[in-house]
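The next block holds one structure in the form of structure tokens; read it before the comments.
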Amino acid sequence: MRKQFDVLIIGGGPAGMAAAASAAESGLRVGVVDDNPHLGGQIWRSGTKDISSPATEWIEKLSQLHVEVIPETRVFQFLASQTLLAERQDEVYELSYKKLILATGARERFLPFPGWTIPNVMGAGGLQAIVKSGLPIACERVVIAGSGPLLLAVAAYLRKHGAFISLVCEQVSLSSLIRLAAWLARQPKKLGQALSLRKDLAGIPLVFNSWVVEAHGQKTLEAVTVSRNGKMETIPCDYLACGFHLVPNIELALLLGCRTKNGCVQVDDLQETSVANIFCAGEPTGIGGLDASLLEGKIAGYAASGHSQQAKPFLWQRDKQRQFAPVLDRTYQLRAELKELVKPDTIVCRCEDVTYGRLKQENSWREAKLYARCGMGPCQGRVCGPATEFLLHWNPESVRPPISPVRFESFLTMSKTSTPEFSEVSGEK
């Protein structure tokens, strides 16, 4: 199936919806592709069920502007003639565009530890997403651990839905959070959000310098052992929600040849990447939060539709919000002690069951893929890649199509293209 757009947006979260709305104001043919059933991204995942959610307003606006939404669709390859290949159920789409906006969001960073593959051990955002999709969590005992502001948001959400939050473990020190609070004092809106969130967590133990050491259980999770300010403590629980901040989704940007640096897509003042007519907005340019994503989306949408003047009033607001990303990176920097959690028999690549001891026999990410199949499974290194980057200081050397798992028939469609076999990852550490 072939579709043509003046502006095509990949990603239906806040940045993608804002970009689509801005671009469509000009009457252009605008399309949004997202791999979820509904728009909203992770942060507004339940927007279609909650009329008070900001997602509802955005979805209605896009409908009024006649933006075409293509849900449950994953881009997996590109053609040389400004065309992307995408898979939706049993169909392959050829999506042609004049301008492209990447709003692919971010994912959680997972770090391996003994027992992290036990059922009911999952990502913090992952558990929240499943609860939003209908998993009953009332009266379940939950331990939340890792690093980043997402932990607190998840704790508040799960508590609101009846979960018993036994403990929230944050691996950074209290002094680091105090410095963050001092910075937030210059951002009244963000400070207000943080204080409101802390109020929602009243009564829940929140400890710093703490992390999960091991998860225990036979058929499912039964308890976790945590290092709590240097002292070991085993806590019975039904779920462990664990994640260590966020990692930008830049695989498609890399495939398209966009320049990156420190794991983020590089853009100019109008959100255009190093590749002409390709823009990027939201978390792929740096983990900056909701407000920055919305502003970047608006700017990218106006610029891609040829109305750069309408984007300029948002530039100073965007630049102010962008200051938040490096502050978060410094605050939630991973501590060296987390590298000591993995044992030789701890699985690092869950898709291919590759252990840490096996990976230690190799010298690079490329060797690990060739000889141990690390990163060759369905997630294609999205889980084990950031983990090996932290544990072994490896960097992925290339990204190869298909960038998402596809049916064999779709793979055959891809094989008929004349695109390069792979795109080198650019950027410096």
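Looking only at the stretch 183-227, which residues are touching a Cys at 6+ places or on another chain (Cβ under 7 Å) and not hydrophobic (A, V, I, L, M, F, W, C)? Working first, answer last.
Start the filter on the stretch 183-227 by keeping residues that are touching a Cys at 6+ places or on another chain (Cβ under 7 Å), which leaves 207, 210-212, 221, 223-224, 226.
Once the filter is applied, which keeps residues that are touching a Cys at 6+ places or on another chain (Cβ under 7 Å) and not hydrophobic (A, V, I, L, M, F, W, C), the stretch 183-227 yields only Ser210.
For the stretch 80-115, what are the residues that are surrounded by 19 or more Cβ atoms within 10 Å (Cβ to Cβ), part of a loop (DSSP other than H, G, I, E, B) and touching a strand residue (DSSP E or B) at 6+ places or on another chain (Cβ under 7 Å)?
Residues satisfying the conditions are Ala103, Thr104, Arg109, Phe110, Leu111, Pro112, Phe113, Gly115.
Please state which one of Ile118, Ile137 is open to solvent by less than 10 Å² (accessible area, probe 1.4 Å), in contact with a His (Cβ under 9 Å, 6 or more places away or on another chain), among the aliphatic types (A, V, I, L, M) and assigned to a loop (DSSP other than H, G, I, E, B). Before the answer, list the steps.
Working: Ile118 fails: open to solvent by less than 10 Å² (accessible area, probe 1.4 Å).
Just one listed residue meets the conditions, Ile137.
Please go through the stretch 145-198 and give me each residue that is open to solvent by less than 50 Å² (accessible area, probe 1.4 Å), hydrophobic (A, V, I, L, M, F, W, C) and in a loop (DSSP other than H, G, I, E, B), ordered by number.
Ala163, Val172
Are any of the residues in the stretch 210-226 open to solvent by 20 Å² or more (accessible area, probe 1.4 Å), free of Cβ contacts under 8 Å to residues at least 40 places away in the same chain and over 25 Å from Val131 (Cβ atoms)?
Within the stretch 210-226, not a single residue is open to solvent by 20 Å² or more (accessible area, probe 1.4 Å), free of Cβ contacts under 8 Å to residues at least 40 places away in the same chain and over 25 Å from Val131 (Cβ atoms).
Is there any pair linking a residue in the stretch 161-177 that is farther than 15 Å from Ile204 by Cα and β-branched (Val, Ile, Thr) to one that is open to solvent by 10 Å² or more (accessible area, probe 1.4 Å) and outside any strand (DSSP E or B), with Cβ under 8 Å and at least six apart or on different chains, and which?
Going by the 8 Å Cβ cut-off, the qualifying pairs are Val172/Phe208; Val172/Asn209; Val172/Thr331; Val172/Tyr332; Val172/Gln333; Val172/Arg335.
Is at least one residue of the stretch 120-137 over 30 Å from Ile10 (Cβ atoms) and touching a strand residue (DSSP E or B) at 6+ places or on another chain (Cβ under 7 Å)?
Here is the first cut: in the stretch 120-137, the residues over 30 Å from Ile10 (Cβ atoms) are 120-121, 136-137.
Checking which are touching a strand residue (DSSP E or B) at 6+ places or on another chain (Cβ under 7 Å) leaves us with 120-121.
The answer is yes; a qualifying residue exists.
I'd like to check something: does the stretch 169-183 contain any residue that is within 21 Å of Ile43 (Cβ to Cβ), at pLDDT 95 or above and not aromatic (Phe, Trp, Tyr)?
Checking the stretch 169-183: at least one residue is within 21 Å of Ile43 (Cβ to Cβ), at pLDDT 95 or above and not aromatic (Phe, Trp, Tyr).
Filter the stretch 1-49 down to the residues that are in contact (Cβ under 8 Å) with a residue 60 or more places away in the chain, open to solvent by 10 Å² or more (accessible area, probe 1.4 Å) and β-branched (Val, Ile, Thr), then identify the one that is nearest to Ala311 (Cα to Cα).
Ile10
Could you go through the stretch 72-79 and let me know if any residue there is more than 21 Å from the chain's Cα centre (by Cα) and either surrounded by fewer than 20 Cβ atoms within 10 Å (Cβ to Cβ) or within 22 Å of Leu256 (Cβ to Cβ) (or both). Outline the logic, then answer.
Of all residues in the stretch 72-79, those more than 21 Å from the chain's Cα centre (by Cα) come to 78-79.
Going one step further and asking which of them are either surrounded by fewer than 20 Cβ atoms within 10 Å (Cβ to Cβ) or within 22 Å of Leu256 (Cβ to Cβ) (or both), we end up with 78-79.
Yes, the conditions are met somewhere in the stretch 72-79.
Select from the stretch 391-411 the residues that are closer than 26 Å to Arg358 by Cα and outside any loop (DSSP other than H, G, I, E, B) and write down the one among them that is modelled with the lowest pLDDT.
Once the filter is applied, the top-ranked residue is Ser398.
Can you name the number of the only condition in (1) farther than 21 Å from Leu256 by Cα; (2) touching a residue at least 12 places away in the same chain (Cβ under 8 Å); (3) surrounded by 18 or more Cβ atoms within 10 Å (Cβ to Cβ) that Thr355 fails?
Here Thr355 clears every test but (2).
Within the stretch 331-352, which residues are closer than 30 Å to Leu174 by Cβ, touching a residue at least 24 places away in the same chain (Cβ under 8 Å) and not in a loop (DSSP other than H, G, I, E, B)? Please lay out each step first, then the result.
Narrowing the stretch 331-352 to residues closer than 30 Å to Leu174 by Cβ: 331-343, 346.
This time we only want the ones that are touching a residue at least 24 places away in the same chain (Cβ under 8 Å), so: 331-335, 337-339, 341-343, 346.
Those that are closer than 30 Å to Leu174 by Cβ, touching a residue at least 24 places away in the same chain (Cβ under 8 Å) and not in a loop (DSSP other than H, G, I, E, B): Thr331, Glu337, Leu338, Lys339.
Which one is nearest to the chain's Cα centre (by Cα) among residues in the stretch 35-56 that are modelled with pLDDT under 90 and charged (D, E, K, R)?
Arg45
The values are calculated or read from the model by the stated rules, or taken from the named source; none is laboratory data. Computed from a predicted model, the values in this text were never measured in an experiment. Please note: Cβ atoms are built from the backbone with ideal geometry, for glycine as well, and neighbour counts cover all protein chains shown. Accessible surface is based on the protein model in full, side chains and every heavy atom, while ligands, DNA and RNA are left aside. Shrake-Rupley method; radii C 1.70, N 1.55, O 1.52, S 1.80 Å.
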